[in-house]
Amino acid sequence: MPSSIKILGRSQFLKSLHHSNICTYLDIMRWKHERVALVCEHFGVPLSNYKDWSPGSALYIVKDILSGLSYLHERGIVHRALSRDNIIVVNKHIKIFNYGLYYMSGSGADVEFPIGCYNEPLCFSLDDKSLCELYYLWLLAGGDVFTEFKKEGLIRTKPPILGIPKCSYDKDHCESSSLPLIIRERDTEYQFRRITLFNTLLKGFPHTSRRLRGESKQDIPPFLRAETWACLLGINCDYQESYLLVDKETSIPTDRQIEVDIPRCHQYSELLSSSVGHLKFKRILKAWVVSHPEYVYWQGLDSLCAPFLYLNFNNEARAYACLSKFIEKYLYNFFLKDNSSVIREYLTKFKQLIVFHDPELGNHLDNIGFAPELFAIPWYLTMFSHVFPINKILHLWDSLFLEKPSYPLFVGLAILQQLRPTLLSSGFNECILLFSDLPGKYSSKIYFNNSFFFSLYTNCTVYRSAELLRQRENILFQILAGFMWFQIGANY
């Protein structure tokens with residue numbers, strides 16, 4: 001959960017505090033870029049600028065400070081930044097200011113600055129009326145706290161189209177680099193810098209391969225996701241010609257099944273549900289079936305195709321090339337006519353991983369008869385693209401392309417761990433219902449948990465014979481290709 005949401009939730013309690021010796025919090029608002037604005041009573045003179053230090057004056061100052069602090073302490077509020085600048089004198093009456101930051105920030109855990117370090121407050125005057133009433137009327141009259149911040153230069157504003165940046169990209173100095181992914185993807189300045197960097201890396205590929213993979217682990221700019229995925233999958237530069245040579249018009253036996261599946265595939269997407277989208281879907285799927293005679297069309301191939309078509313809607317050839325490479329790496333032999341042994345081995349490894357990592361959960365699922373065959377086949381046959389919406393699949397596959405073919409097993413483990421409390425308290429029927437509504441229970445924690453689980457286990461834990469066969473074929477192909485080039489060179 002973003003820190004600003006946590007702060008916003010806690011700070012509501014501060015609005016309920018009213019005492020003659022504390023400043024009243026009027027409003028707390030959350031804005032873009034994880035900013036939180038506080039609207040608080042603030043008028044008078046800071047104690048640091050107060051001149052009357054007679055014995056009588058000092059006595060009422062101490063008395064009022066202790067009275068305000070006692071009120072706060074009784075309600076679990078610790079100031080943690082008490083100073084003369086945070087004590088306001090109003091007509092020989094003391095009010096404590098800035099007392100809520102430590103509380104609302106979770107004892108400082110949700111902010112990157114030490115409590116006590118903040119800008120001078122922005123002040124605007126109000127007449128002698130109820131502060132809450134005046135603030136409400138000010139808002140109704142068109143008052144805007146963030147506009148006031150902008151006028152005072154406390155919030156930097158940028159036009160929608162940024163000018164030429166004054167300095168090169170440096171992720172350590174970019175404000176947004178530590179923000180949640182969904183916020184980073186909507187931050188104009190951050191995306192401008194990431195696009196500039198990725199453009200350079202993509203132009204230098206494959207020489208920049210290591211740097212591209214390293215930067216992709218942080219995030220991939222949505223604007224260049226299609227090009228980045230193609231590089232990460234190792235798409236050859238002649239993919240356009242290869243796609244043109246495939247016969248996509250002649251009728252084949254699977255045409256009918258393809259036509260039935262396409263209208264049901266991610267049809268909430270305006271692009272994919274359009275008639276043009278259906279036509280592109282059909283051409284790409286037919287091209288894959290025709291160009292891979294060793295495989296057959298299985299339901300789920302349309303879901304695998306959807307993310308690639310979504311990103312490459314105007315580049316069918318690249319979508320086809322990405323789909324082919326993706327299946328070759330992550331779903332080797334899954335689309336054989338008889339794929340039972342491949343899927344059985346995959347699900348066995350998944351079950352072993354569940355029991356090894358979480359014996360309690362593994363035994364419970366086994367006792368109620370809820371085997372992976374009942375819920376995990378659509379997960380792995382479509383690499384979760386049939387289960388989750390496109391926007392979440394894009395983020396999930398961003399991390400998938402950077403890891404080994406065994407990575408999806410840990411994605412499944414992360415999903416089960418997220419649902420663990422519910423699964424342990426559920427029977428067979430409840431589990432069936434739970435997994436039928438899985439998209440609604442998806443959480444961004446899956447991104448972090450699957451990477452964490454993946455880092456815990458060695459390759460031998462998830463060893464599969466099918467993966468070894470794929471590696472051997474790739475090595476043999478590389479040897480033969482090198483031998484052919486050697487022969488050609490020798491002839492010339």
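Details
- Test: residue in the stretch 36-55 that is exposed (fewer than 11 other Cβ atoms within 10 Å of the Cβ), among the aromatic types (Phe, Trp, Tyr) and out of contact with any Lys or Arg (no Cβ under 6 Å at 6 or more places or on another chain): yes
- Selection of the stretch 181-222 for residues being closer than 23 Å to residue 2 by Cβ, out of contact with any Phe, Trp or Tyr (no Cβ under 9 Å at 6 or more places or on another chain) and among the basic types (Lys, Arg) yields 186, 217.
Yes or no, residue by residue, for (1) closer than 15 Å to residue 300 by Cα; (2) basic (Lys, Arg); (3) touching an Asp or Glu at 6+ places or on another chain (Cβ under 8 Å); (4) touching a residue at least 12 places away in the same chain (Cβ under 8 Å):
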| residue | (1), (2), (3), (4) |
| --- | --- |
| 239 | no, no, no, yes |
| 243 | no, no, yes, yes |
| 248 | no, yes, no, yes |
| 263 | yes, no, no, yes |
| 269 | no, no, no, yes |
| 279 | no, no, no, no |
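- Only one entry of 232, 272, 224 meets the criterion of being modelled with pLDDT under 90, of a type outside the set (Asp, Glu) and assigned to a helix (DSSP H, G or I), and that entry is 272.
- Some residue of the stretch 28-48 being assigned by TED's automatic domain parsing to the domain that holds residue 103 and free of Cβ contacts under 8 Å to residues at least 12 places away in the same chain: no
- Filter result for the condition that a residue is surrounded by fewer than 19 Cβ atoms within 10 Å (Cβ to Cβ) and assigned to a helix (DSSP H, G or I), over 337, 349, 286: 349
- When the stretch 199-218 is limited to residues that are surrounded by fewer than 18 Cβ atoms within 10 Å (Cβ to Cβ) and in contact (Cβ under 8 Å) with a residue 40 or more places away in the chain, the one that is farthest from the chain's Cα centre (by Cα) turns out to be 213.
- Selection count, the stretch 379-424, where residues are more than 18 Å from the chain's Cα centre (by Cα) and among the hydroxyl-bearing types (Ser, Thr, Tyr): 4
- Considering residues of the stretch 361-396 that are among the β-branched types (Val, Ile, Thr) and outside any helix (DSSP H, G or I) only, the residue surrounded by the most Cβ atoms within 10 Å (Cβ to Cβ): 382
- Matching residues, the stretch 289-326, being among the small types (Gly, Ala, Ser), in a helix (DSSP H, G or I) and touching a helix residue (DSSP H, G or I) at 6+ places or on another chain (Cβ under 7 Å): 306, 317, 319, 321, 324
The values are calculated or read from the model by the stated rules, or taken from the named source; none is laboratory data. None of the values given here were measured: they were computed from a predicted structure. Here Cβ is always computed from backbone atoms with ideal geometry, including for glycine, and neighbour counts include all displayed protein chains.
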